Amino acid sequence: MESLLGEVLECKVSSSISKEFSKDKMLQSDLESCWQSKQGRPQSVTLELTEPRLVEQLHLQFQGGFAAKEIQVHLQREIEEKQKLQHVDTLYPEDNNEMQKFELSQADAFASKRLKLIFPDSTDLFGRVIIYRIDIIGTKSVSNNVK
């Protein structure tokens, strides 16, 4: 397993409070920068990879007080380009500043090029989410045996 962050082709977010806190900031290793959403619910992050990969872990570092209460993980099967994203896991992060690591359910694992994280609610009264770092951990070389 290794970081797939270098393979992110495109990143989309539901909202950004300003260019100073844009989506690209959470993809950097600089802890002085972050993505900050506008207020409102839900918030989301969509990452598209250059090639289909088996996503096994998700690493996130929120700002305490602005963490997601729940993360709905959605993936899109590589073989069906127009297929809708499928819900594969629900994660429950803690409200703190620490890097949090989540194992994704392997029962539903399949190669995917698109990953969407939906944050239905946050610990902030106004629904804002702040992410300092995000990383996708997985397998780059996917065999044809993967569903």
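The values are calculated or read from the model by the stated rules, or taken from the named source; none is laboratory data. Keep in mind that this is a model prediction, so the values were computed, not measured. Counting neighbours? That spans all protein chains shown, and the Cβs are built from the backbone with ideal geometry, glycine included. Only protein heavy atoms, including side chains, enter the accessible area calculation; ligands, DNA and RNA are left aside. Shrake-Rupley method; radii C 1.70, N 1.55, O 1.52, S 1.80 Å.
Annotations
- Filtered residues of the range 11-27 (kept if within 13 Å of Glu48 (Cβ to Cβ) and open to solvent by 80 Å² or more (accessible area, probe 1.4 Å)): Lys12
- Residue pairs whose Cβ atoms lie under 8 Å apart, sitting 6 or more positions apart in sequence or on different chains, and linking a residue in the range 8-21 that is closer than 10 Å to Trp35 by Cβ and at pLDDT 85 or above to a partner that is open to solvent by less than 60 Å² (accessible area, probe 1.4 Å) and in a helix (DSSP H, G or I), are Cys11/Leu27.
- Asp30 vs. criteria open to solvent by 30 Å² or more (accessible area, probe 1.4 Å), over 15 Å from the mean Cα position of the chain (by Cα) and under 24 Å from Glu98 (Cβ atoms): yes
- Residues of the range 97-114 that turn out to be open to solvent by less than 40 Å² (accessible area, probe 1.4 Å), at pLDDT 90 or above and polar (S, T, N, Q), as a count: 1
- Test: residue in the range 42-63 that is open to solvent by less than 30 Å² (accessible area, probe 1.4 Å) and part of a loop (DSSP other than H, G, I, E, B): no
- Residue check, Leu4 surrounded by fewer than 17 Cβ atoms within 10 Å (Cβ to Cβ) and touching a strand residue (DSSP E or B) at 6+ places or on another chain (Cβ under 9 Å): no
- Close pairs from the range 29-53: first farther than 15 Å from Leu117 by Cβ and hydroxyl-bearing (Ser, Thr, Tyr), partner part of a strand (DSSP E or B) and open to solvent by less than 40 Å² (accessible area, probe 1.4 Å), Cβ under 9 Å, at least 6 apart: Thr50/Val8
- Residues located in the range 115-146, provided they are open to solvent by 10 Å² or more (accessible area, probe 1.4 Å), of a type outside the set (Val, Ile, Thr), at pLDDT 95 or above and part of a loop (DSSP other than H, G, I, E, B): Pro120, Asp121, Asp124, Leu125, Phe126, Arg128
- Of all the criteria given as (1) touching a Ser or Thr at 6+ places or on another chain (Cβ under 7 Å); (2) more than 29 Å from Phe126 (Cβ to Cβ); (3) open to solvent by less than 40 Å² (accessible area, probe 1.4 Å), the one not satisfied by Arg77 is (3).
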